[in-house]
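Novice: Got a structure for you, questions after.
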Amino acid sequence: MINIPISQYNRNQITPPASTSSHAGIKKLIIMDVDGVLFKGQFILHLARSLGILVYIRTAILCLLFNMNKISIHELITRVYASFEGVTLEHARMVYKNIPLIKHARETIETLRNHGYLVILMSSGVPDLFVKDLATRLSANNGYGVEINTENEQLTGDVSGQLSRSTGKRDLIEEILRETRLAWQNTVVLVDDRNNLDIMYKAGINIGVNAHYTVRQQARYLIDSRDLSEMLDIMDIEDADTYKTLFAGMRKQFTHSWYQEIRRKCLHILIAFVPLFSIFVHNTTLIVLFSLLIVYMISECLRVNGYSLPLLGSITRSSIRKPEERGFAFGPVTLVLGAILSLLLFPAIIANTVIWIVAFADTAATVVGRGIGNHRIPYNMKKSIEGSLAAWLVAFFCGCIYLPLFPAVLAASFSSIIESLPLRSLDNLLMPIGTGIFLLCLGYS
């Protein structure tokens, strides 16, 4: 047994991993945050919601101030728990038991322990007795949370303990590392908010799980799937020789896949319906596009902070590319904005032409380029000549629907040149607008 020499934790012990019997057998220390990582949401918000709308609003505002770096974690926890004075311990326990957990938490932790990892749960917002119970439920080695004071089985509103302080997690981890004779480079942390930034910087591996923006920008790896088993793929990447077979039945490939790109392009092609609807309900089509744009932007702001709108959030997560995970995915914004500006700026024939070109030609360039694109464009090595030729051919057919033959050739040539440029997601905007202006200048309307 490994004793942790900490004043308020002297009575607690860490159970060694199943496959180890000494300090030397521990491969790495894994620290898992609870709120937002293992829990779907935060314990204090779940408890506040159960106490009424006023308590919930007050708690949500305090959480927002904390995320904006206006108050410290110590101030957040002390002020929130002060509003919980008089709440029965049984009520708090019932709320804790009903909080949904991330998928495959127990299976993942059991697998890690069986392979020699020391798994510790740690929270600055969840009471210590609940974190320890959660550690037992999930087969972790141990868990640590904040100390809450009770009287007659009711919360007094007072909170204390090492983890209620800003440096509490870092100090506790350092004591565990000294006891286990490990170092920070042997530490893996799974976190979601800025309270964990200091331990992220020191850890050998840091993983953002449903992470807020500040963590998302700094994290080495990201897990946004609500499935903890992705962590095992990350450990496989980090220790390829050792973990090739680790959790093979549940492993997930979270790099770019054809299925992901197909989903992305199916959504992209939906913009082709805009010309069809605008013929009959032009103003309504514009209103719907503006509404979708606003809703998507709200959804993205939530996503990059670890939250999700129902349905739309799931669709976005399943379609974005790996580089877009860390920030705002602007592709749909420029796509919808390009369609809106086309309807507003150009005659119907040109607007319909350029919207169909961006819907189908850009999709063809991606599919062909990723499938058989072997010859790189000299000024943009990320795209291929084969993909640009496919874009030209599809753009030509789209142009022929609305334009005479020669202007269709010109529109296809101009739009495929724009598509080939290193514009990233801006091509969704510049293809229709640039091609539309080009056709106007040539006198086609």
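The values are calculated or read from the model by the stated rules, or taken from the named source; none is laboratory data. Note that the coordinates shown come from a computational prediction; the quantities given were computed from them, not determined experimentally. Here the Cβ positions follow ideal geometry from the backbone for every residue, glycine too, while neighbour counts run over all protein chains shown.
Condition check ((1) closer than 18 Å to Gly331 by Cα; (2) in contact with a Leu (Cβ under 6 Å, 6 or more places away or on another chain)) across all residues:
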position: Ala408; (1), (2): no, no
position: Ser415; (1), (2): yes, no
position: Ile418; (1), (2): yes, yes
position: Tyr444; (1), (2): no, no
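Novice: Six or more apart or on different chains, Cβ atoms under 9 Å: show the pairs whose first residue is in segment 70-92 and under 18 Å from Ile57 (Cα atoms) and whose second is acidic (Asp, Glu) and assigned to a strand (DSSP E or B).
Specialist: From residues that are under 18 Å from Ile57 (Cα atoms), the pairs are Thr78/Asp158; Tyr81/Asp158; Ala82/Asp158; Glu85/Asp158.
Novice: Something else: Restricting to segment 216-242, and then to whatever is touching a strand residue (DSSP E or B) at 6+ places or on another chain (Cβ under 7 Å) and in a loop (DSSP other than H, G, I, E, B), can you tell me which residue is modelled with the highest pLDDT?
Specialist: So the residue we want is Leu228.
Novice: Quick check on this structure: which one of Asn305, Asn352 is at pLDDT 65 or above, in a helix (DSSP H, G or I) and surrounded by 15 or more Cβ atoms within 10 Å (Cβ to Cβ)?
Specialist: Asn352
Novice: When you go through Ala359, Ala365 one by one, which is the residue that is under 21 Å from Pro432 (Cα atoms) and either in contact with an Asp or Glu (Cβ under 6 Å, 6 or more places away or on another chain) or polar (S, T, N, Q) (or both)?
Specialist: From the options Ala359, Ala365, the qualifying one is Ala365.
Novice: Does segment 381-397 include one or more residues that are in contact with an Asp or Glu (Cβ under 7 Å, 6 or more places away or on another chain) and under 21 Å from Phe273 (Cβ atoms)?
Specialist: Among the residues of segment 381-397, at least one is in contact with an Asp or Glu (Cβ under 7 Å, 6 or more places away or on another chain) and under 21 Å from Phe273 (Cβ atoms), which makes the answer yes.
Novice: Given the residues Ile148, Ile73, which is the only one that is assigned by TED's automatic domain parsing to the domain that holds Asp224, surrounded by 19 or more Cβ atoms within 10 Å (Cβ to Cβ) and either under 26 Å from Gly208 (Cα atoms) or in contact with a Lys or Arg (Cβ under 7 Å, 6 or more places away or on another chain) (or both)?
Specialist: Answer to the selection: Ile73.
Novice: Name the residue that is farthest from Asn195 (Cα to Cα), counting only residues in segment 131-172 that are small (Gly, Ala, Ser) and assigned to a helix (DSSP H, G or I).
Specialist: So, considering only residues that are small (Gly, Ala, Ser) and assigned to a helix (DSSP H, G or I), the one farthest from Asn195 (Cα to Cα) is Ala135.
Novice: Within the set of pairs 6+ apart or on separate chains, which have a first residue in segment 356-373 that is under 11 Å from Ser415 (Cβ atoms) and not assigned by TED's automatic domain parsing to the domain that holds Ile418, a second that is at pLDDT 90 or above and surrounded by 20 or more Cβ atoms within 10 Å (Cβ to Cβ), and C-beta atoms under 8 Å apart?
Specialist: Nothing qualifies.
Novice: What number of residues in segment 59-94 are assigned to a loop (DSSP other than H, G, I, E, B), more than 18 Å from Arg194 (Cα to Cα) and of a type in the set (S, T, N, Q)?
Specialist: Count: 1.
Novice: Would you mention how many residues in segment 121-137 are surrounded by fewer than 21 Cβ atoms within 10 Å (Cβ to Cβ) and either basic (Lys, Arg) or out of contact with any strand residue (DSSP E or B) (no Cβ under 6 Å at 6 or more places or on another chain) (or both)?
Specialist: Residues that pass the stated criteria total 5.
Novice: Can you find a residue that is in the same structural domain as Val274 (by TED's automatic domain parsing) and touching a strand residue (DSSP E or B) at 6+ places or on another chain (Cβ under 9 Å) anywhere in segment 437-444?
Specialist: The answer is no; no qualifying residue exists.
Table: residues versus (1) hydroxyl-bearing (Ser, Thr, Tyr); (2) assigned to a helix (DSSP H, G or I); (3) surrounded by 22 or more Cβ atoms within 10 Å (Cβ to Cβ).
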site	(1), (2), (3)
Met381	no, no, no
Ala391	no, yes, yes
Phe396	no, yes, no
Phe406	no, yes, no
Leu410	no, yes, no
Ser413	yes, yes, no
Asp427	no, yes, yes
Leu430	no, yes, no
Leu439	no, yes, yes
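Novice: Do you know which of the residues in segment 198-215 that are part of a helix (DSSP H, G or I) and of a type in the set (Val, Ile, Thr) is farthest from Leu177 (Cα to Cα)?
Specialist: Thr214
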